[in-house]
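Visitor: Right, I'll just put the structure down here and ask away after.
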Amino acid sequence: MAEYNHRETEKKWQDFWDKNQTYRPAEPSDKLSAARPKYYALDMFPYPSGAGLHVGHPLGYIASDIVSRYKRLKGFNVLHPMGFDSFGLPAEQYAIQTGQHPAVTTEANLTRYIEQLKNIGFSYDWSREVRTSDPSYYKWTQWVFMELFRSWYNKDTNKAEPIETLLDKFATNGTTDVNAVCDENTPAFTAAEWNAMSKQQSYAITLHYRLTYLADAVVNWCPGLGTVLANDEVKDGVSERGGYPVEQKLMRQWMMRITAYADRLLTGLDVIDWTESIKEQQRNWIGKSVGASVKFPVWSADTSSFSSIPPSSPKTFIEVFTTRVDTIYGVTFMVLAPEHELVPGLTTPDQQDAVAAYISAAKLRSERDRMADTKAVSGVFTGSYCINPFNDEKVPIFLADYVLAGYGTGAVMAVPSGDQRDWTFATHFGLPIVPILDGQKDIDKQADNTKEGQYINSGIVNGMSYKEATTTLIAWLEARGLGRGKINFRMRDAVFSRQRYWGEPVPVYFNEDGLPYLIDEADLPLELPAVDKYLPTETGEPPLGRAEGWRYKGKYEYELSTMPGWAGSSWYWYRYMDPKNETEFASKQTIDYWQNVDLYIGGTEHATGHLLYSRFWNKFLYDRGYVPQDEPFKKLINQGMIQGRSNFVYRVSGTGREGVPAVFVSLNQLNGREVTPLHVDVNIVENDVLDIEAFRQARPDLTEAAEFITEPDGRYIVGAEVEKMSKSKFNVVNPDMIVERYGADVLRLYEMFLGPLEQAKPWNTNGIDGVYRFIRKFWRLFYKDSAAGTPDAGASQWIVTDEAPTPAELKVLHKTIQKTEADIEAYSFNTSVSSFMICVNELATLNCHKRAVLQELVLLLSPYAPHITEELWAALGHEPGTLSQAAFPTFNPNFLVEDAFEYPIQINGKVRTTISFAVDRAANEIEREVLADEIVQKWLEGKSPKKVVVVPKRIVNVVI
RNA sequence: GACUCCGUAGCUUAGUUGGUAGAGCAAUUGAUAUUAAUCAAUAGACGAUAGUUCAAGUCUGUCCGGAGUCGCCA
């Protein structure tokens, strides 16, 4: 064996693993092997983009691979799969531009992705790879959709049930016993009425209850992409992908009744091990507020008191939602959203013009404008009043755009003493501010939202505390039918339709009655038809409208929208358990064995998209008895983004134009010269030194006849800045290049060494040499180069011996075992790499080449650097390729025990000397000897110490 | 504006219940050696401030600086 050759060795083992399916886990049916505990390590489903992988992508994959390899050594049966979320917008946008079928582009991208991934030596079981755009996969995505359509949410049992249990209830007792999550306009009926309905009528009724349903919804329409987008796909008023403007539009859409699960999605967060930041984001997104809904009767001139208004007429009430019903005696005005449906009826003739003007002005202001100036107070009086039911006082009704039509009821009871926005509004319009708690302070200067103290000016709750008052008031409201305790969520049902081509067709057709029906399950998968163009039809139908003769059973119109990107990724972790199953999405046996994902690693960008929808679908499948776990991902880690480090050359201003050759100045020679920084490809820069020749060749357009003002030593130093890694900034580092030059093991170690997994950090190839040197130094513990000039010069010599290790060597080894194990369990991979370096440095210093030590070290390092360790494992005489079946070294604390401890001796908290004592030495003896010590005596200057602290095996502190 | 997290050497970072601040890169020096390095050695740090303590990178308060999330949510 010559000097370590990473290119040959890594390729050899990658091929070996591939051919032998080394990382295929035991099937649950294989009783003997499957008796091992299971471990499921999953990477977030990547979308195979055309740009391929850059060094930032594999960061999480490396981490999960290390854990997977470690768990195998620890005796687990490990499921570690990889597959692709291969439907998506970029391939379709490309198809629109080029006319090429998105499947073709996607296939090409996939091939490259897989090749790049294989180069890094991941221990994936590639036989399980899935692709969402494959009909054998999306058949089951469509099947889940059908199951959702065939289900309703029973609030009494608090779970989804088959629609049949609802039909039974209707048939026996009408809607009386039904406590369901359903549409707002759902009619009530008796059993007799139900049983008298036509088939179509009753079917139409059920559409109000199904977990997926059609609705006219105000959606985020993105004309630039020709589709609607979900709320989480819109950022700051533009599409997340592409940055196109998004507008609000009313369209008929498939919806998912995710709101049925709002409360469970919230409480489920308490039992899973995710980062607090992601949980917080999901909590914000779900937005639960506990409060009360209260009806304020509208006051009218001819019926001048509350009691004479007939409560049966719904139009005579303004319903509000409040989280502070306890402050209701402090209500001095009412504010409605300009879009509120009661506004026309409430506006009095003399306020007509002012209100109309305000509404049209509010409409013109975009969401962004409204957000931007939160300080300006605006609003208008409608001329009408309502009655505070508690004290019969007249309350003026205003409109203001600080109240949102889409939240709660679009109306707010304003309590200026307790709410700052209400306070600002009241001050601006000269409305009264009534204190309601004796704990409120300085309400002439600002609102005080305290819950402390006792109520004042508050009728039936005077003298009570917050809790008491709230229950008293709600009971009062409920007794009179004027309100009730209520929980409100900010989360809305999810829009599920996309007016695009490259997605799963919705398995629905429309009958002559215009109602949606599921296609027959036997007809799944409903495959994507061919179309001539990937654009909407002339009549504005989605691209599927172009498919010639695409009709169900030859006559019924299919649903023409496709499913959103998150459909296929909301259940995929089950498919890996049983990827080839043709009769079920995964067999019960495999799901019962693998259960759910133990470790899930991925980016933070899916916080409110994929990670929320997946939990939703999982809970649904759980309710319906298809899966055994309520939460899909037990432990979630978000890897930090790897940023790019851009390099710049500096061109002197005024040069590089027609007839004026460019002059480039090295960083330290700028001396205040006026220059233009230009991005330069980081791949022709090493340690901030530019390869001028390579630059000339790469950019002849810039460098023709160019002059370079270099440092005195002739080098050109570039500038640097941390930015997002992107093609346009010439700072993309391709892992293939790193693998070619340094090897996959070095790439893996280095990516981990960069810093804590969860932290964002810039890529900087500079430090990689240190890791490369470490690998070679590690190799030299096993092989020695033959001296130059000897007959076998250039060859290496195996120098591992069978001698018994010394205590010092065992101490080094076991210190490393302990650290490595603790680090992996804590997902602290960067610190492990550092401890490997220390270990190899120390063993080299000890001149240790002993099998008993090195073999264990090979195992410790193998999750991080699988290729070189597999090579050495074989060289140590083991069956080639069996490294992953070995057992992780066992830590033995006895090797760390020393019989003496070197005590640091502090004088007034500062270390002044050290003295060695036997570990079992009594504290009073240590104290005596320390005080007798020469150096301590010198610090004491003859005085006697005030106090001596002796902490066994830690420290001694002498206080003077 | 609210909430969460973070400030350790030139850079990237480790530091468990408070108990001698450890690495790698870069830098400098030396040796082997010469187009490519290898080895050895050297030096260098707790954002500021006040407190608790025998003892503070670690705990508490305030300030300064940075990152992320939410965004009028009644």
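Visitor: Compute the Cα gyration tensor for segment A:200-272, then decide on rounded, prolate or oblate, letting a ≥ b ≥ c be the square roots of its eigenvalues: rounded whenever a/c is under 1.5, prolate when a/b is larger than b/c in the other cases, and oblate in all that remain.
Guide: Because a/c hits 1.5 or more and a/b fails to exceed b/c, segment A:200-272 counts as oblate.
Visitor: Then there is this: Would you grab the residues whose amide H sits under 5 Å from the one on A:VAL219? Only those 5+ places off in sequence or on another chain, please, with H modelled 1.01 Å from N.
Guide: A:LYS249, A:LEU250, A:MET251
Visitor: Before anything else, pin down the relative contact order of chain A: Cα pairs under 8 Å, at least 6 apart, normalised by residue count, whole percent.
Guide: Computed over chain A, the figure is 13 percent.
Visitor: Which loop trypsin sites (Lys or Arg not before Pro) in segment A:384-449, with loop taken from DSSP, have no more than 11 other Cβ atoms within 10 angstrom of their Cβ?
Guide: Sparse-neighbourhood loop trypsin sites (Lys or Arg not before Pro): A:LYS445.
Visitor: Okay, moving on. What is the dipole size for segment A:16-60, taken about its Cα centre, with +1 at each Lys and Arg Cβ and -1 at each Asp and Glu Cβ, in debye to the nearest 20?
Guide: I would put it at about 180 debye.
Visitor: May I ask for the angle, rounded to the nearest 10°, between helix A:58-73 and the longest principal axis of chain A, with both axes built from Cα atoms and the value confined to 0 to 90°?
Guide: Between helix and principal axis, roughly 70 degrees.
Visitor: Dipole magnitude of chain A about its Cα centre, charges +1 at Lys/Arg Cβ and -1 at Asp/Glu Cβ only, in debye to the nearest 20?
Guide: For this selection, approximately 1160 debye.
Visitor: Still on this structure, please answer the following. List, in order, the whole-Hz ³J(HN,Hα) value for each residue of segment A:338-349 obtained from phi through the Karplus relation with A = 6.51, B = -1.76, C = 1.60 and θ = phi - 60°; use x for Gly and Pro.
Guide: x, 7, 4, 5, 7, 3, x, x, 8, 6, 7, x
Visitor: Another question, if that's okay. Please list 3J(HN,Hα) in residue order for segment A:285-292, calculated via the Karplus relation 6.51 cos²θ - 1.76 cosθ + 1.60 where θ = phi - 60°; whole Hz, with x for glycine and proline.
Guide: 5, 5, x, 7, 10, 9, x, 9
Visitor: Here's something else I'd like to know. Considering only the other residues whose Cβ falls under 12 Å of the Cβ of A:GLY408, what net charge follows from Lys and Arg at +1 and Asp and Glu at -1?
Guide: Its environment carries a net charge of +1.
Visitor: Under 1.5 on a/c is rounded, so check that first for segment A:288-489, then, if it is not, pick prolate when a/b is larger than b/c and oblate when it is not; a ≥ b ≥ c are the square roots of the alpha carbon gyration tensor eigenvalues.
Guide: Oblate shape, in that a/c is at least 1.5 and b/c is the bigger or equal ratio.
Visitor: For A:TRP798 and A:LYS938, FRET efficiency with R0 = 56 Å and r from the beta-carbon atoms, rounded to 0.05?
Guide: 0.50
Visitor: Leaving out ligands, DNA and RNA but keeping every protein chain, what accessible area does A:SER944 have, in Å² rounded to the nearest 10, with a 1.4 Å probe?
Guide: 100
Visitor: Could I ask something else about it? Check cross-link reach from A:LYS441 to the aspartates and glutamates: straight Cα distance under 18 Å, and skip same-chain residues fewer than eight apart.
Guide: A:ASP326, A:ASP419, A:ASP422, A:GLU452
Visitor: Let me ask something else. Pop the C-beta distance of A:GLU341 and A:THR176 into the FRET formula with R0 = 22 Å and round what comes out to the nearest 0.05.
Guide: Efficiency computed from Cβ-Cβ geometry: 0.15.
Visitor: Whole-Hz ³J(HN,Hα) for each residue in segment A:164-180, computed from phi via Karplus 6.51 cos²θ - 1.76 cosθ + 1.60 with θ = phi - 60°, x for glycine and proline: what do you get?
Guide: Here the 3J(HN,Hα) series is 4, 5, 6, 4, 4, 4, 4, 5, 8, 9, x, 8, 4, 8, 8, 10, 10 Hz.
Visitor: Out of A:LEU621, A:ALA698, A:ASN683, whose Cα points farthest toward the positive end of the dipole of segment A:617-704 (charges: +1 Lys, Arg; -1 Asp, Glu; placed on Cβ)?
Guide: A:LEU621
Visitor: For A:TRP299, which sequence-distant residues (separation of 5 or more, or a different chain) have an amide H within less than 5 Å of its own amide H, given hydrogens modelled in the peptide plane?
Guide: A:TYR385, A:CYS386, A:ILE387
Visitor: Can I get the semi-axes of segment A:900-959's equivalent ellipsoid? Compute them from the C-alpha gyration tensor as square roots of 5 times the eigenvalues, in angstrom, largest first.
Guide: 18, 11, 10
Visitor: Placing unit charges on C-beta atoms (Lys and Arg positive, Asp and Glu negative, everything else neutral), compute the dipole magnitude of segment A:288-489 about its Cα centre in debye, rounded to 20.
Guide: About 460 debye.
Visitor: Roughly what angle does helix A:866-875 make with the longest principal axis of chain A, taking Cα atoms, 0 to 90 degrees, to the nearest 10?
Guide: So the inclination is approximately 40 degrees.
Visitor: A follow-up question, please. Take every DSSP beta bridge with both residues inside chain A and express the antiparallel ones as a percent of the total, to the nearest 5.
Guide: Rounded to the nearest five, the antiparallel share is 80 percent.
Visitor: Now, a different point. Between A:GLN97 and A:ASP513, what length in nm is gained on full extension when 0.36 nm per residue of separation is reduced by their alpha carbon distance?
Guide: 145.9 nm
Visitor: Return the carbon/sulfur percentage of the accessible area of chain A, one whole number, probe 1.4 Å, all protein chains in place.
Guide: Of all accessible area on chain A, carbon and sulfur atoms account for 51 percent.
Visitor: Right, another one. Taking chain A as the reference, fit the longest principal axis to its C-alpha atoms, fit the long axis of helix A:829-846 to the helix C-alpha atoms, and give the angle between the two in degrees, 0 to 90, nearest 10.
Guide: Orientation of helix A:829-846: about 10 degrees from the principal axis.
Visitor: Per DSSP helix of 4 or more residues, -39500 (n - 2.57); summed, then divided by the residues of chain A. What does that give at 222 nm, rounded to the nearest 500?
Guide: Computed mean residue ellipticity for chain A: -9500 deg cm²/dmol.
Visitor: Placing +1 on the Cβ of each Lys and Arg and -1 on the Cβ of each Asp and Glu in segment A:288-489, which of A:TYR385, A:HIS428, A:VAL343 has its Cα farthest towards the positive end of the resulting dipole?
Guide: A:VAL343
Visitor: With contacts defined as alpha carbon pairs under 8 Å and 6 or more residues apart, what's the relative contact order of segment A:707-837 in percent?
Guide: Relative contact order comes out at 21 percent.
Visitor: Which shape class applies to chain A: rounded if a/c is under 1.5, otherwise prolate when a/b exceeds b/c and oblate if not, where a ≥ b ≥ c are the square roots of the Cα gyration tensor eigenvalues?
Guide: It is prolate, given that a/c is not under 1.5 and a/b is the larger ratio.
Visitor: Longer than 31 Å from Cα to Cα, which of A:LYS486/A:LYS619; A:LYS38/A:LYS819; A:LYS580/A:LYS619; A:LYS811/A:LYS947; A:LYS118/A:LYS580 are they? Say none if no pair is.
Guide: Those over the limit are A:LYS811/A:LYS947.
Visitor: For Cα pairs less than 8 Å apart in space and 6+ apart in sequence, what is the mean separation divided by the residue count of segment A:412-463, i.e. the relative contact order in percent?
Guide: RCO, segment A:412-463: 32 percent.
Visitor: Taking amide hydrogens as modeled 1.01 Å from N in the peptide plane, which residues meet the under 5 Å criterion relative to A:ILE915, leaving out close sequence neighbours?
Guide: A:TYR903, A:ILE905
Visitor: Rounded to the nearest whole Å², what accessible area per residue is found for segment A:642-723 with the 1.4 Å probe?
Guide: That works out to 53 Å² for each residue.
Visitor: For a protection proxy built on the mean count of beta-carbon atoms within 10 angstrom, sort A:274-281, A:560-567 highest first, please.
Guide: Ranked by mean Cβ neighbours within 10 Å, highest first: A:560-567, A:274-281.
Visitor: From the residues A:SER29, A:THR806, A:PRO416, which one has its Cα farthest along the dipole of chain A in the positive direction, the dipole being from +1 and -1 charges on Cβ of Lys/Arg and Asp/Glu about the Cα centre?
Guide: A:THR806
Visitor: Probe 1.4 Å, all protein chains in place: accessible area of A:TRP140 in Å², nearest 10?
Guide: 20
The values are calculated or read from the model by the stated rules, or taken from the named source; none is laboratory data. All figures in this text were calculated on a predicted structure; none of them were measured in a lab. As a convention, Cβ positions derive from the backbone with ideal geometry for all residues, glycine included, and neighbour counts pool all protein chains shown. Just the protein is used for accessible areas: all its heavy atoms, side chains included, with ligands, DNA and RNA removed. Shrake-Rupley method; radii C 1.70, N 1.55, O 1.52, S 1.80 Å.
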